[in-house]
Amino acid sequence: RISELVALMEEGEVHPHSLVSAAHVEDYAHDDDESGGVKEGHIDTGKWRMLEEIWQLRWQLCTDGNSSGVYGPSDVALMALRSLSRLVDLHKSVDTRGTPYFPIPIAKRLLCGLAKDPSIAGGTGATESSINNAGMVTDTHGSLSVLSQALLCNDPRVIESAAILLRSLMAHNDVACSKFYLTGAFFFACGYTGSNFLDLASLIHDTHLKQHFRSGFAAAADESDLPIKDRSILGNMLPRGVLLMLDNYGVERFTEVFVGNFDTPEVIWNFEMRKHLVEMIRQHLGDFPQRLWQNTTA
């Protein structure tokens, strides 16, 4: 009820700044509506939604935002990611012989925004979805994008859990994996400044050569005819030597190079180059990370 929300604010248990965001709640001071809902101006779509549908408001009511409560924001995100990872693990993608199941397990389909019916894919319909050759609807603005945005968190535990979950979702899932770059996950991963990069490197290793982003001659050419900078989604962000480290030596060696300082005949990569990469990614993202604090659907 709106009256209960107003009462909590008057008692000081809920602060106004924890409720007002870019997708702000309006008219909650009036309690003459018997529907028990409030109107929300959505920054992206302009739609109005009921209070019970504003998930960010629910989460903010359960935490004070500074980790002094039962669960802080990072703890809530970590628990959610671990719960989803457990759900994906329970729905195996392969049988005992290592053969992938078809169709893809329902837990993975839902988290990746895949469905046979456009009305099921994230609830967005055909306007934000694309239909692939297998007749599967791919929702590029649904749950997978939200999970990828967890890579923007500054908590190393959340970063690792998100990378593990995303890697599980991409395994044996060519439909979702081919458009994974649309979520921005590769920008978020390369823009991470921490040293615990192994799980992110594993995610990048499994997906960076499987993206369907090429056009023109590059799209029609055979994989063996293209250099790795044209085959990898990271070709415009990382030098050829670093990409070859990932492709030829595996994730552990790549992690060692990416977070280190190397000047060898095989690869030249140092802290200044990584700093420049991070700065360019942040410039590209603009205020998007800050907008997510205000509105999780930004």
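Pop the C-beta distance of Arg214 and Asn154 into the FRET formula with R0 = 25 Å and round what comes out to the nearest 0.05.
The calculated FRET efficiency here is 0.15.
For segment 263-273, take each phi angle, set θ = phi - 60°, evaluate the Karplus expression 6.51 cos²θ - 1.76 cosθ + 1.60, and give the result in whole Hz per residue in order, putting x for glycine and proline.
The phi angles translate into 9, 10, x, 7, 8, 10, 7, 9, 5, 5, 5 Hz.
So for the pair Asp225, Val278, with labels modelled 7 Å out along Cα→Cβ, what separation do we get in nm?
4.1
Grab the beta carbon distance between Glu11 and Val76, set R0 = 30 Å, and tell me the FRET efficiency rounded to 0.05.
With a Förster radius of 30 Å, E is 0.80.
Could you compute the net charge surrounding Gln211? Neighbours are other residues with a C-beta less than 10 Å from the C-beta of Gln211; K and R count +1, D and E count -1.
Net local charge, Gln211 excluded: +4.
Would you mind checking the pairs Lys179/Lys229; Lys108/Lys179; Lys92/Lys229 and listing those with alpha carbons more than 23 angstrom apart? Before the final figure, lay out each step's value.
Details: Lys179/Lys229 18 Å; Lys108/Lys179 15 Å; Lys92/Lys229 34 Å.
Table pairs above 23 Å Cα-Cα are Lys92/Lys229.
Where a number appears in this text, it was derived from the coordinates with a stated rule and is not lab data. Not measured: the values here are computed from a predicted model. Note that we place each Cβ from the backbone using ideal geometry, even for glycine, and neighbour counts take in every protein chain shown.
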